[in-house]
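In what follows, a structure is listed as structure tokens, so that the remarks can point back to it.
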Amino acid sequence: MTEITTPKGASPEVIKDDSMWKQKEMMAGHYDRITSAHENGLKVCNTFVPGNLNELIRCFGLVNNLPEVNAIQSGLRKKSGNFVLEAEKHGHSEDVCTYVKSDIGMMEKGNIAPNGKKFPDPDVLLLSYTGCFTFMKWFELLREQYDCETIMLHTPYEGDGKITKNMRDYMVKQLKDDVIPKLERISGVKFDIDLLRENLVKSAKAEEDLVWVLQSAKNKPSPIDAYFGGIYYIGPIFGAFRGTDDAIEYYKLLRAEVEARVKAGRGPVTPDGDMGKEKYRIVVEGPPNYTSFRDFWKMFYDEGAVVVASSYTKVGGVYDFGFRHDPTNPLESLADYCLGVYTNLNLPQRVDMLENYMNEYEADGLLINSIKSCNSFSAGQLLMLREIEKRTGKPGGFVESDLVDPRYFSPANIKNRLESYFQMIDQKRSGKTKGVAA
Amino acid sequence: MKTFIGVDLGSTTTKAVLMDENMDVLGRGITNSRSNYTTACNVAKLEAQISTRLTLCRRNLTQRVPELGGKLDEFLTRLELGFRLEQFLEQLEDLKATCIGNVSGDRFAGMEKQIIEVLEAVFKGVAAEAPKLYEPDAPRKSDFFRDIAGSMYMAHSQARGKEAGIAYDMLLNVYDKSIIEVENRPPNADMAASFLRALDRALKGMPGLNVDVNTVRKAVQDALDVELEETYLVGTGYGRVTLPFSKEHIRSEILCHGLGAHMMYSGTRTVLDIGGQDTKGIQVDPKGIVENFQMNDRCAAGCGRYLGYIADEMNMGLHELGPLAMKAKRVAKINSTCTVFAGAELRDRLALGEAREDILAGLHRSIILRAMSILSRSGGIRDQFTFTGGVAKNEAAVKELRILVKENYGDVQININPDSIYTGALGGATFAHRAVTGNA
């Protein structure tokens with residue numbers, strides 16, 4: 001029989017771990033740095049998360065502003081709904097990526113950062129990722145809006161499932177001939193490859209601890225939720241902090257906390273405190289919904305479901321198969337990083353990766369959260385699901401929502417599907433062990 | 001007797017199935033979901049228990065009164081109709097008292113006496129007409145008290161109101177205020193006594209029966225005396241979360257529909273369920289275990305409710321849509337199954353001069369096309385294919401489904417059970433049985 005895992009009674013007092021405080025402080029500092037950049041004589045570079053060149057940008061003293069992260073922040077703070085409507089008022093259709101519309105709408109509504117101050121206009125737009133063509137159009141819109149210089153680093157798609165020497169050389173050539181000279185000109189700072197190497201050393205150090213944390217989910221019970229919790233864990237390294245001392249410190253703290261959880265045999269921490277008994281170990285493909293993030297998460301932990309691995313936590317870099325930023329080959333390493341992010345992988349690679357997660361993390365099933373306004377992520381997902389089911393014999397589940405458009409999150413429908421999915425796993429388990437009377 | 005009950009709380013109707021320890025289905029009950037799932041659950045359960053009593057009566061009478069022979073079915077029909085009439089009159093009495101109690105406030109000031117007199121006359125008229133409705137073969141558009149009593153009340157109050165110079169809308173207002181209260185107060189009179197009164201009516205209605213009345217009476221009485229112990233209940237459907245059940249008494253309707261379809265047809269591998277607000281494509285394994293499912297997301301385009309809107313727009317009964325669509329000479333091409341746009345689409349087509357039946361045929365096809373898309377996303381259609389839900393009763397929808405299944409998947413056995421509306425509840429009852437027998 002189904003056990004009740006919902007925590008009953010009064011909600012526990014919110015207790016934040018040291019790493020949580022550290023991240024909060026880092027994010028506050030990040031937004032203050034952006035909003036005061038111009039008054040401090042610093043220049044601002046807007047760029048995207050997947051394939052971001054944070055270590056390189058930092059070599060030029062530029063402040064890194066990430067529109068997707070801002071859209072996520074707007075989603076989490078329940079502001080994106082109005083921004084999306086505002087963008088639609090300005091002619092963007094209902095089906096356009098809602099990160100784009102949230103960002104455009106935010107600009108129309110005064111472009112106010114989470115700290116309540118105005119975002120500065122960027123001095124340069126660095127588009128270092130083309131796995132998603134909508135991102136390219138997004139930057140076209142931003143270029144139109146800000147009338148500033150745009151640098152494009154074209155990342156070839158891994159259509160054949162591998163990174164070739166030609167692809168790497170092509171990217172390094174772009175870095176040398178186009179990206180670096182332009183950044184030098186815009187910033188007025190001469191490129192120092194040794195500074196880049198130093199930054200890359202720091203990146204690799206943080207990446208090592210991040211991978212340890214993500215792989216801790218192989219424990220039973222898993223000490224982390226690698227999707228909902230994972231969103232927080234990837235924040236610093238996917239955002240503006242890769243290659244910084246802050247990131248190193250954050251991941252050190254986080255790792256120590258997770259190590260302690262493993263030792264104590266504790267499950268993941270959730271907004272309602274420690275999760276109850278682990279009943280389902282799930283691998284999730286696809287981004288989360290940010291406008292109802294906690295409600296969505298609660299639908300999992302109330303049922304005793306923990307996400308042990310997710311593909312979304314690899315969109316800003318795939319580190320768990322061995323890649324680390326390499327100071328000995330700095331530009332080649334940046335190229336490999338961009339080429340290897342999850343969204344630049346082809347469908348067979350994504351399937352292999354998910355299959356690996358299903359096996360390595362001893363998961364009970366694969367769940368896809370298909371994003372209505374993100375065709376580049378969603379295309380082929382049902383095929384992927386079928387293939388994983390075939391290879392692993394484990395049941396697949398499918399829910400639909402959106403990134404930051406609250407209209408696309410239908411709680412009753414999603415909860416219904418999730419509960420059905422978890423019960424389906426139960427039914428399969430009992431069917432295997434006991435047989436079912438017809 | 002140990003009984004296991006499954007209740008499927010749908011958006012339009014609530015269904016219950018009651019089975020015994022041998023997993024034999026003894027009774028089924030259905031009611032409108034109202035806005036109150038707790039009442040709907042209780043009423044559906046009660047209906048399933050009534051239906052169980054009739055099954056037990058049938059068993060006893062078959063064994064003990066073999067001389068009933070070919071007359072058994074008619075006798076049992078009369079027994080049930082007599083019981084329904086008893087129930088109807090009981091609820092009607094409640095409605096009358098509630099209506100009279102609601103004749104108060106500024107709106108009725110100074111006219112209370114007059115209105116109450118009209119109400120007395122109206123209810124007298126309805127009560128006098130009621131027995132005719134419960135004659136065998138009497139046509140009834142609905143089995144729900146709200147629908148039957150409502151249409152009769154409207155007719156009588158229009159006439160009586162006119163005679164007494166009381167505005168019709170005043171009488172309507174009294175009814176509207178009262179019906180919800182009454183509907184949420186299911187009949188609670190002594191079931192056995194009502195059955196015995198119904199038995200007298202049935203015997204009276206079949207004067208030529210050559211049976212020992214006392215043996216018949218004893219057989220019925222014994223069926224009524226069996227204690228129906230509610231051993232385990234499982235709730236499913238959208239309304240399940242609103243019920244005060246603990247978690248182990250709740251199952252997802254996907255699993256219940258999958259298992260219910262398997263119980264009806266053990267060869268089922270794919271299930272299509274089109275309900276009021278959901279269309280579900282479900283794949284099950286040879287044991288009835290769900291392997292995969294897909295359903296509509298936040299948009300309920302093309303679900304049962306869509307047909308409801310169309311029926312309203314055309315000023316027709318829901319059950320009349322299918323037969324009219326079957327008369328189509330051609331199938332109009334309809335792209336949108338949006339419920340909100342349904343009326344506009346319909347009017348647009350009519351304005352273009354298209355025939356009603358052709359438009360309806362197109363609407364049915366578009367519903368099935370959408371269902372086919374959901375099915376293909378769930379893994380396609382495998383042999384055997386079981387179609388469930390209210391829409392499975394619609395012949396035009398079934399016709400389109402057969403065509404599209406043949407076109408896309410070849411020869412597949414399509415199962416449609418006359419009791420398909422109870423599929424989810426049957427799955428629920430089976431889960432209830434397994435919860436106790438240890439197969440959960």
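Derivation of every value follows stated rules applied to the coordinates shown; laboratory data play no part. Remember, it's a predicted structure, so these values are computed and weren't measured experimentally. Methodologically, a virtual Cβ is constructed for each residue, glycine included, from the backbone with ideal geometry; neighbour enumeration extends over all protein chains shown.
A few notes on this one:
- If you bin all the Cα-Cα distances of chain A at 20 Å, starting from zero, the percentages per bin are 25, 59, 15, 1.
- Between B:Q158 and B:A193, the simple label model (points 7 Å from Cα in the Cβ direction) yields a spacing of 3.7 nm.
- Close amide-amide hydrogen proximity is noted between B:I381 and no other residue 5 or more places distant or on a separate chain, at a cut-off under 5 Å (H modeled in the peptide plane; Pro and chain starts excluded).
- Close amide H partners of A:I151, meaning residues 5 or more places away or on another chain with modelled amide H under 5 Å apart, are A:L125, A:L126, A:L127.
- For the stretch B:35-186, the equivalent ellipsoid derived from the Cα gyration tensor has semi-axes of 36, 18, 10 Å, listed largest first.
- Between A:V262 and A:D245, the contour length at 0.36 nm per residue exceeds the Cα-Cα span by 3.5 nm.
- Order by protection proxy (mean Cβ within 10 Å, highest first), peptides B:247-254, A:190-197: B:247-254, A:190-197
- With the simple model of a label 7 Å out from the Cα in the direction of the Cβ, B:R377 to B:E181 spans 4.6 nm.
- Area projected by the alpha carbon convex hull of chain B, averaged over all directions, nm²: 24.4 nm²
- Ordering of A:207-220, A:16-29 by packing is A:207-220, A:16-29, highest average first (other Cβ atoms within 10 Å, averaged per residue).
- Equivalent ellipsoid dimensions for the stretch A:142-288 as semi-axes, Å, which come from the Cα gyration tensor, largest first: 37, 19, 16
- Distances between placed amide hydrogens fall under 5 Å for A:F398 paired with A:I368, all partners being 5 or more residues away or on another chain.
- B:D222-B:E117 FRET efficiency (beta carbon distance; Förster radius 41 Å; 0.05 resolution): 0.35
- Positive-pole candidate from B:N394, B:Q413, B:H433, dipole of the stretch B:382-440, charges at beta carbon: B:H433
- Rounded to the nearest 20, the size of the Cβ-charge dipole of chain A about its Cα centre is 920 debye, with Lys and Arg at +1 and Asp and Glu at -1.
- Taking label positions 7 Å along the Cα-Cβ direction at both B:K204 and B:E90, the computed distance is 1.8 nm, reported to one decimal.
- Exercise: per-residue mean of other protein chain Cβ atoms within 10 Å, B:253-259: 4
- FRET efficiency, B:M316 to A:K220 (Cβ-Cβ, R0 45 Å, nearest 0.05): 0.15
- Taken residue by residue and averaged, Cβ atoms of other chains lying within 10 Å of the Cβ of A:406-419 number 4.
- Dimensions in Å of the stretch B:267-416 - Rg and Dmax from alpha carbons: 15.1, 51
- Between the beta carbons of B:L172 and B:A109, assuming R0 = 22 Å, the FRET efficiency works out to 0.75 to the nearest 0.05.
- Considering every alpha-carbon pair of the protein assembly as shown, the percent of pairs per 10 Å bin, from zero through the bin containing the longest distance, is 2, 11, 17, 20, 17, 13, 9, 6, 3, 1, 0, 0.
- Shielding by partners for peptide A:376-386, expressed as the average number of C-beta atoms from other protein chains within 10 Å of each residue's C-beta, is 1.
- For the stretch A:129-198, alpha-carbon Rg and Dmax in angstrom: 14.5, 39
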